[in-house]
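Novice: Structure incoming, see below.
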């Protein structure tokens with residue numbers, strides 16, 4: 001889900017991926033497959049339809065365990081989705097127990113801020129995002145924020161220091177438009193590089209030689225990426241940071257899950273970062289500074305992990321009963 005800038009640490013980008021799914025058999029006591037119980041968390045039900053919807057909204061990054069080096073999670077889509085749903089149930093239960101659930105006025109205020117974001121406004125206008133979906137996401141983020149920052153305070157000097165140290169957060173981040181050629185062996189990588197050096201257009205070489213089917217037909221065009229995106233693999237950041245617009249990188253040799261892959265990356269265009277004045281973003285800066293000081297998501301993880309230890313979690317999905325959800329935050 002797309003979110004407001006000041007809660008970027010908890011960002012969930014609205015990007016649905018297709019997943020193959022076979023509906024499992026569950027308790028015959030339920031008359032509708034959508035009403036069947038996937039799990040019960042302290043008496044609160046998670047239905048099979050909740051689980052299916054969550055799997056359908058997983059993103060590629062939800063399967064990444066680490067970007068340096070690039071490693072993927074061992075869990076299945078079903079496990080990742082169920083862990084996330086259980087975490088959210090525990091989070092709301094803990095917040096209610098500790099009087100940290102956001103007030104309706106706070107949610108409405110946060111929605112107005114979020115709607116000022118051009119990306120969110122566009123998603124709402126194009127029906128990619130509904131008002132209710134935005135409200136649910138804002139509620140989740142405000143709850144995460146409340147749980148993380150309770151009893152924490154920041155001085156004005158700490159807020160200004162945070163603003164100065166993180167200019168990329170206050171405005172439009174630097175963005176790159178990239179094209180890439182992916183090769184499966186060193187010989188082909190060298191051949192592709194020789195063609196580029198001989199003057200063959202990058203798009204032509206990509207169309208002829210790239211093994212990446214997603215970008216091959218587009219001449220290697222990847223589209224725009226945010227330069228400081230934490231999920232952008234380090235080898236791409238390092239390579240592109242040394243390029244001028246129109247230039248391409250040397251061959252990048254990368255090992256992904258034990259398989260060696262070769263890339264040539266071109267910086268097609270670049271948009272520089274813009275930074276808003278402190279006076280315009282001071283409330284957002286204060287919240288993010290407070291979030292960082294409190295320990296952010298790690299603080300939430302610890303509190304919910306402790307709460308989980310004294311909670312009752314019953315999983316009803318066949319084949320999932322032995323899976324105890326790992327303590328931690330929902331997929332982001």
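Where a number appears in this text, it was derived from the coordinates with a stated rule and is not lab data. If you're wondering where the values come from, they're calculated on a predicted model, not measured in any experiment. Reconstructed Cβ throughout: ideal geometry from the backbone, glycine too, with neighbour counts over all protein chains shown.
Novice: Helix 77-97 versus the longest principal axis of the chain: what angle, 0 to 90°, nearest 10, using Cα atoms?
Specialist: For 77-97 against the chain, the angle is about 50 degrees.
Novice: Further question: When you take every Cα atom in the range 174-272, what is the radius of gyration, and what is Dmax, the widest Cα pair distance, in Å?
Specialist: 12.6, 36
Novice: Still on this structure: Using 0.36 nm times the number of residues separating residue 75 and residue 133, minus their current alpha carbon distance, what extension gain do you get? Show your work: numbers first, answer last.
Specialist: Details: separation 58, 0.36 × 58 = 20.88 nm, distance 2.63 nm.
Once the chain is fully extended between residue 75 and residue 133, it gains 18.2 nm.
Novice: While we're here: So what's the angle, to the nearest 10 degrees on a 0 to 90 scale, between helix 296-309 and the longest Cα principal axis of the chain?
Specialist: Long axis of 296-309 versus the principal axis of the chain: about 40 degrees.
Novice: Additional query: Considering all projection directions equally, how large on average is the shadow of the alpha-carbon convex hull of the range 216-332, in square nanometres?
Specialist: If you wrap the Cα atoms of the range 216-332 in a convex hull and average its projections, you get 13.3 nm².
Novice: A further question on this structure: Fewest to most neighbouring Cβ within 10 Å: what's the order for 75, 247?
Specialist: Listing 75, 247 from fewest to most nearby Cβ atoms yields 247, 75.
Novice: Please report 73, 96, 309 as a ranked list, fewest other C-beta atoms within 10 angstrom at the top and most at the bottom.
Specialist: Ranked by crowding around the Cβ, least crowded first: 309, 96, 73.
Novice: Right, next: For residue 59, project a label point 7 Å along Cα to C-beta. Then give me every residue of the range 104-134 with its amide nitrogen under 19 Å of that point.
Specialist: Within reach of a label on residue 59: 111, 114-134.
Novice: Further, regarding this structure: Rounding to the nearest 10 and keeping the result within 0 to 90°, find how far the Cα-based axis of helix 104-115 lies from the longest principal axis of the chain.
Specialist: Its long axis makes an angle of about 10 degrees.
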